[in-house]
1. Got at least one residue in the stretch 150-160 being out of contact with any Ser or Thr (no Cβ under 9 Å at 6 or more places or on another chain), farther than 25 Å from residue 30 by Cα and at pLDDT below 95?
2. In the stretch 179-212, what count of residues is obtained for those that are within 17 Å of residue 239 (Cα to Cα), part of a helix (DSSP H, G or I) and among the basic types (Lys, Arg)?
3. Can you confirm whether the stretch 223-239 contains a residue that is under 25 Å from residue 37 (Cβ atoms), touching a Ser or Thr at 6+ places or on another chain (Cβ under 8 Å), at pLDDT 85 or above and not hydrophobic (A, V, I, L, M, F, W, C)?
4. State whether the residues of the stretch 220-228 include one that is in contact (Cβ under 8 Å) with a residue 40 or more places away in the chain, part of a loop (DSSP other than H, G, I, E, B) and either of a type outside the set (Gly, Ala, Ser) or in contact with a strand residue (DSSP E or B) (Cβ under 6 Å, 6 or more places away or on another chain) (or both).
5. What are the pairs, 6+ residues apart or on separate chains, where a residue within the stretch 231-250 that is among the β-branched types (Val, Ile, Thr) and surrounded by 17 or more Cβ atoms within 10 Å (Cβ to Cβ) has its Cβ under 6 Å from a residue that is in a strand (DSSP E or B) and modelled with pLDDT of 95 or more?
6. Specify the residue that is nearest to residue 79 (Cα to Cα); the eligible residues are those in the stretch 40-49 that are surrounded by fewer than 20 Cβ atoms within 10 Å (Cβ to Cβ) and touching a residue at least 12 places away in the same chain (Cβ under 8 Å).
7. For the stretch 120-146, how many residues are in contact with a Phe, Trp or Tyr (Cβ under 7 Å, 6 or more places away or on another chain) and in a helix (DSSP H, G or I)?
Amino acid sequence: MFARLNAERRAAPAGELGQFAALSIAQQYRLPYALTLAALRHPARVLDWGCGDGHFAAFLHGRGHDVTAYSLQHRPHVLREAPDPRLRYVQGDLSEPTRLPFPDASFDAVFSVGVLEHVRELGGTEADSLAEIRRVLAPSGLFLCFHLPNRFSGVEALARLLKTSPGPGHDAAHRYRYAGADVERLLAQAGFETLARGLYAFLPRNVFGRLPAAWRDSTAFAKTVNRLDDALAAALPSVCQNHFAVAAARGATSTRSAP
């Protein structure tokens, strides 16, 4: 996974995709990448819901999936490449922030990477968004959610206390945060069965962007940070930054297994 993330970082356009501006920052996607590769072992129809700058859609496309990148914003530059029928962008309607313009059962998997916590800021609700995601999933489909802010995150608490940002271009703290029980409740109410759920990411990766390039791009430094992050997350999981969840439609016989 280390080599894969390094390759993704090197492929990122210069000056774009701040998450891949340095090797030590890019490692925040170790778990999302690993769980995605474990859950989707064969090419699938996937939706990157709220694709942002397009980095995760590009990752999914690079793994051979048929990808729809969906956002309420303008098309990200990273997806403005030569037309490819297996990578398309669809822009939503801000007046209907939770509605998805796709037929029922359109996708084998839907991804939310740092998106679900923002729907209320746009006038929607988590419940309505999850209901729509459930609708557009095939009966055997999976919902994979990453970077969902933990209500008890130590980093978020410190950011709110100091009124500072964890890194350039980031807010001091997320407005909406969740306990594990909140995640379970939201998924269950939308008709999902949770297959795997947990917490990850103890260290604030984005602060490494402020380090000298010799440090933030060092393989040895990134590996040391990973080991420290894993050790702290194992010792103090309740105060990690993010929730992850892998869920399937309740009652469906999934053709894929949880990682």
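1. yes
2. Residues flagged as within 17 Å of residue 239 (Cα to Cα), part of a helix (DSSP H, G or I) and among the basic types (Lys, Arg) within the stretch 179-212 amount to 1.
3. Within the stretch 223-239 (the criterion being under 25 Å from residue 37 (Cβ atoms), touching a Ser or Thr at 6+ places or on another chain (Cβ under 8 Å), at pLDDT 85 or above and not hydrophobic (A, V, I, L, M, F, W, C)), the answer is no, since none of the residues qualifies.
4. no
5. Listed by first residue and then by second, the contacts come to 246/144; 246/195; 246/196.
6. The qualifying residue nearest to residue 79 (Cα to Cα) is 45.
7. The total comes to 4.
Yes or no, residue by residue, for (1) outside any helix (DSSP H, G or I); (2) crowded, with 20+ Cβ neighbours inside 10 Å; (3) at pLDDT below 95:
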site: 28; (1), (2), (3): no, yes, yes
site: 35; (1), (2), (3): no, yes, no
site: 56; (1), (2), (3): no, yes, yes
site: 70; (1), (2), (3): yes, yes, no
site: 78; (1), (2), (3): no, no, yes
site: 94; (1), (2), (3): yes, no, yes
site: 97; (1), (2), (3): yes, no, yes
site: 109; (1), (2), (3): yes, yes, no
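The values are calculated or read from the model by the stated rules, or taken from the named source; none is laboratory data. Note that the structure is predicted; figures quoted are calculated from it, not measured. All Cβ positions, glycine included, derive from the backbone under ideal geometry; neighbour counts span all protein chains shown.
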